[in-house]
1. Ranked highest first by the average count of other Cβ atoms within 10 Å around their residues, in what order do 212-220, 109-117 fall?
2. Determine the gain in length on full extension of the stretch residue 49-residue 298; use 0.36 nm per residue of separation and subtract their C-alpha separation, reporting nm with one decimal.
3. Putting +1 on Lys and Arg Cβ atoms and -1 on Asp and Glu Cβ atoms, find which of 171, 161, 146 reaches farthest to the positive end of the dipole of the stretch 103-185.
4. Probe radius 1.4 Å, ligands and nucleic acids ignored: give me the carbon and sulfur share of the accessible area of the chain as a rounded percent.
5. Hey, can you find the accessible area per residue of the chain for me, probe 1.4 Å, expressed in square angstrom?
6. Based on the mean of other Cβ atoms within 10 Å per residue, sort peptides 174-183, 340-349 so the most packed one is first.
7. Placing +1 at every Lys and Arg Cβ and -1 at every Asp and Glu Cβ, with all other atoms neutral, what dipole size does the stretch 65-127 have around its Cα centre, in debye to the nearest 20?
8. What is the extension gain from residue 263 to residue 241, computed as 0.36 nm multiplied by their sequence separation minus the C-alpha to C-alpha distance, in nm to one decimal?
Amino acid sequence: MAGAWQGRGGSARRRRGCCHDVVVPIPFVWSDAVLAHEPMHEVWVGKETPGTEVPYRAHLIRDALADAGHAELPAAAHDDEVLLAVHEAPMVEWLRTASAGWAAGPYEDLVGQTRVVPYVFPTPMMTAGMPWRYPAAAHARAGVWCYDTMTLVGPGTWEAARAAVDCALTAADLVVTGERRAVYALCRPPGHHATPAGFGGSCYLNNAAVAAEALSRHGLRVAVVDVDAHHGNGTQAIFWSRGDVFYGSVHVDPGAGWFPHVVGHADEVGDADGKGATLNVPLAPGAGDVEWVEAVAAVCEAVLEFRAQAVVVSLGLDAAGVDPESPLQVTDAGFGGTGRLLAALDLPTVLVQEGGYHLPTLGSLARTTLAGFDA
Ligand code: SP5
Ligand code: ZN
């Protein structure tokens, strides 16, 4: 496995294949509704900064994949059953209605704020073991569910986040029926930072966890492989105590000062039935292709050891050296290697888009990674 990332996986596959030389890139699932979420800005150390998780990201990836011959499949609407198995209903209900509640005022009139922004966070340190009540004010309610100040909710946020869930579920349907071996869901907003009852890190609903749960409901042992530059604390939380879903992640070391700061360390291995079904491989800031690919290979080995029958990839592209949101230094070659290692698992695979913020290279990074699955 360790050497599988080098060389030209695509041509090797074609040689192994039977009768023709035509490269077939994997299909991607798309919904126009993922564009409806316009974060506008974030709040970082008390200052308004431009939003990083912009709709244009999805346009760029879609265009690059279409140019490279990936077929586009429409997302199909799914009910909330699987979504509500990974997220608690009150958070989902709040997300569905928060923007309308905020628009009822007085925030736009008073301070020109059109986005839902938290103000008070009822952490265990605030409530200190006392009974506490759900707050009345919209600006206080937001902090019950949202755990940071960079993940604002606007008028189109729910529509987009829910459409992204449909993209992920549609991709899961296609691999479960055996109709496709691997499918990429072009999800936006991303999801891997969304926990059972909390959201943050530009994420609202955990698309990858929903896909994993859907595959699991078909009786498959599922492994999530998270290659976003940030640790997927939400996905880890959702499957923390489950032994039937593995979570493995390669990411920048949160202990070196990077989001999500408080979880994602190497000694986190899961709990109860899930003990041993979580694997974190944190990398030092500045780590490049060699360390990255070694770490991805280690997670892939663990997936095989787990005897996974299906894989969900949280495909972030923000480990790239050029990305403004992470200090990792992965190049195009590292992403190509990542795609080949994931494809070499040779399991039914749903790839779910997560982060990636360097707009000029986003499309080609996605294409380069997915090329490992060309058949
Ligand atoms: C899905 C995903 O990749 N979420 C990552 C969110 C981490 N964002 C950390 C933001 C830190 C401050 N950013 C300031 C913007 C100037 N580049
Ligand atoms: Zn990320």
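The values are calculated or read from the model by the stated rules, or taken from the named source; none is laboratory data. Since we're looking at a predicted model, the values are computed, not measured. Note that each Cβ is placed from the backbone with ideal geometry, even for glycine, and that neighbours are counted across all protein chains shown. Areas reflect the complete protein model, heavy atoms only, side chains present, ligands, DNA and RNA absent. Shrake-Rupley method; radii C 1.70, N 1.55, O 1.52, S 1.80 Å.
1. Top of the packing list down: 212-220, 109-117.
2. So the extension gain works out to 86.0 nm.
3. Looking along the dipole axis, the top candidate is 146.
4. 56 percent
5. I get 40 Å² per residue for this part.
6. Result, highest mean first: 340-349, 174-183.
7. 280 debye
8. Residue separation times 0.36 nm, minus the Cα-Cα distance, leaves 6.4 nm.
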